[in-house]
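The values are calculated or read from the model by the stated rules, or taken from the named source; none is laboratory data. Note that the coordinates shown come from a computational prediction; the quantities given were computed from them, not determined experimentally. Ideal geometry is used to build each Cβ from the backbone, glycine not excepted, and the neighbour counts take in all protein chains shown.
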Amino acid sequence: MIQKQGRVLSFSSRPVLLSGAAIGGKAEGQGPCANEFDRCYEDDYICCKTWEQAESALQKEALLTALKKADTNAQEVDYLFSGDLLDQCIASATAAKDLQIPMTGLYGACSTFALGLALSAVFVGCNAAKYALVAASSHFCSAEKQFRFPLEYGNQRQPTTQRTATAAGAVLVGNSKTGCCIDAALIGTIQDLGITDAANMGAAMAPAAADTIEKFLTQTQTSPVDYDCILTGDLGAVGSRLLCQILFQKGIDISAVHEDCGNLLFDAKKQDVHAGASGCGCSAALVSTLFRRRIENGLLQNVLFVGTGALMSPLSVQQGETIPGIAHAVLLSMKNNKLTK
């Protein structure tokens with residue numbers, strides 16, 4: 001059964017993340033979260049001919065690994081919700097073509113994984129699906145070629161630029177008596193601060209994250225102290241600061257519990273990542289593994305995961321259009337612990 005508090009959907013059955021997997025590239029394997037990945041490749045081509053094929057390979061391996069961990073095969077899965085940053089979600093389509101699972105391709109930029117989790121909870125929560133797979137991927141080289149400049153161009157990155165994660169994350173969602181579950185979800189609305197700089201996505205996404213967090217807290221009658229972590233993905237250093245400032249001006253202080261996947265994936269001091277990580281594979285990888293395990297191990301009780309996306313296209317940026325932002329919230333907690341009222 002699904003209940004509605006304002007725009008917040010609460011799932012009485014509380015669907016569980018039955019398994020999770022993350023596959024990464026070379027830079028991810030050199031970062032502080034390297035041990036959270038099931039595999040990190042030394043060659044970002046992933047034994048493929050193109051960057052785009054490599055991204056598909058990352059996502060397919062994440063999907064197959066999540067299925068294997070749950071001792072489940074593709075034929076048992078009712079729906080697949082997956083997406084990436086490439087035109088027409090081609091990386092996801094190519095990754096899924098051999099699995100033959102009914103697929104909904106998603107595009108929410110870095111918010112894609114949160115959107116997929118919310119949709120999977122709706123389908124499993126209303127018994128339209130026994131199992132649903134959720135996945136998202138990104139690749140530094142394919143994203144640079146599509147949204148900015150091919151690497152061969154040697155373009156200099158600005159201080160506000162984030163490095164797109166070469167990573168994929170996947171989870172299998174279903175019903176279970178225990179585990180990290182999806183307690184509630186809120187689908188966000190488009191917010192636009194007027195940012196036109198494609199190298200400053202954190203600023204473009206921060207207003208949407210602030211709006212979604214404010215609405216979720218208000219409509220569930222909760223406050224930041226009710227959460228062990230309010231996790232965004234991926235605002236990076238610039239967007240994280242702006243988010244906290246926007247909410248503080250509204251009388252909401254999340255600074256004590258806020259973390260951002262874009263600030264966690266890489267070591268800002270040792271790796272040349274400027275403002276941090278981005279790309280829908282970043283939060284997908286960390287939520288599928290690191291944060292799911294922390295909840296299962298009792299290190300965290302309630303995590304409000306807010307996936308944030310900069311909804312730009314190469315054409316809109318070239319035409320000087322502003323970059324709309326979106327943010328979707330998903331409340332993750334242990335099955336035996338319920339926060340929403």
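Filtered by the rule that a residue be free of Cβ contacts under 8 Å to residues at least 40 places away in the same chain, of a type in the set (Val, Ile, Thr) and not in a helix (DSSP H, G or I), region 89-141 gives 101, 104.
Kindly indicate whether any position in region 317-324 is more than 16 Å from residue 223 (Cα to Cα) and touching a strand residue (DSSP E or B) at 6+ places or on another chain (Cβ under 6 Å).
Yes, region 317-324 contains a residue that is more than 16 Å from residue 223 (Cα to Cα) and touching a strand residue (DSSP E or B) at 6+ places or on another chain (Cβ under 6 Å).
Of all residues in region 17-38, none are assigned to a strand (DSSP E or B), without any contact (Cβ under 8 Å) to a residue 12 or more places away in the chain and surrounded by fewer than 22 Cβ atoms within 10 Å (Cβ to Cβ). Being within 17 Å of the chain's Cα centre (by Cα) and of a type in the set (Asp, Glu) is the filter here; which residues of region 184-238 pass it? Hit for region 184-238 is 234, nothing else. Taking the listed residues 109, 121, the one that is over 13 Å from the mean Cα position of the chain (by Cα) and surrounded by 22 or more Cβ atoms within 10 Å (Cβ to Cβ) is 121, with no other qualifying. Residue-level check: of (1) touching a residue at least 24 places away in the same chain (Cβ under 8 Å); (2) assigned to a helix (DSSP H, G or I), residue 315 misses just (1).
Inspect all residues belonging to region 158-174 and state whether any of them is in the same structural domain as residue 265 (by TED's automatic domain parsing) and among the basic types (Lys, Arg). No, every residue in region 158-174 fails to be in the same structural domain as residue 265 (by TED's automatic domain parsing) and among the basic types (Lys, Arg). Which residue, of 276, 320, 309, 281, is under 16 Å from residue 195 (Cβ atoms) and buried (at least 20 other Cβ atoms within 10 Å of the Cβ)? Only one candidate qualifies: 309. Just one residue in the set 198, 208 is in contact with a Lys or Arg (Cβ under 7 Å, 6 or more places away or on another chain) and farther than 26 Å from residue 334 by Cα; that residue is 198.
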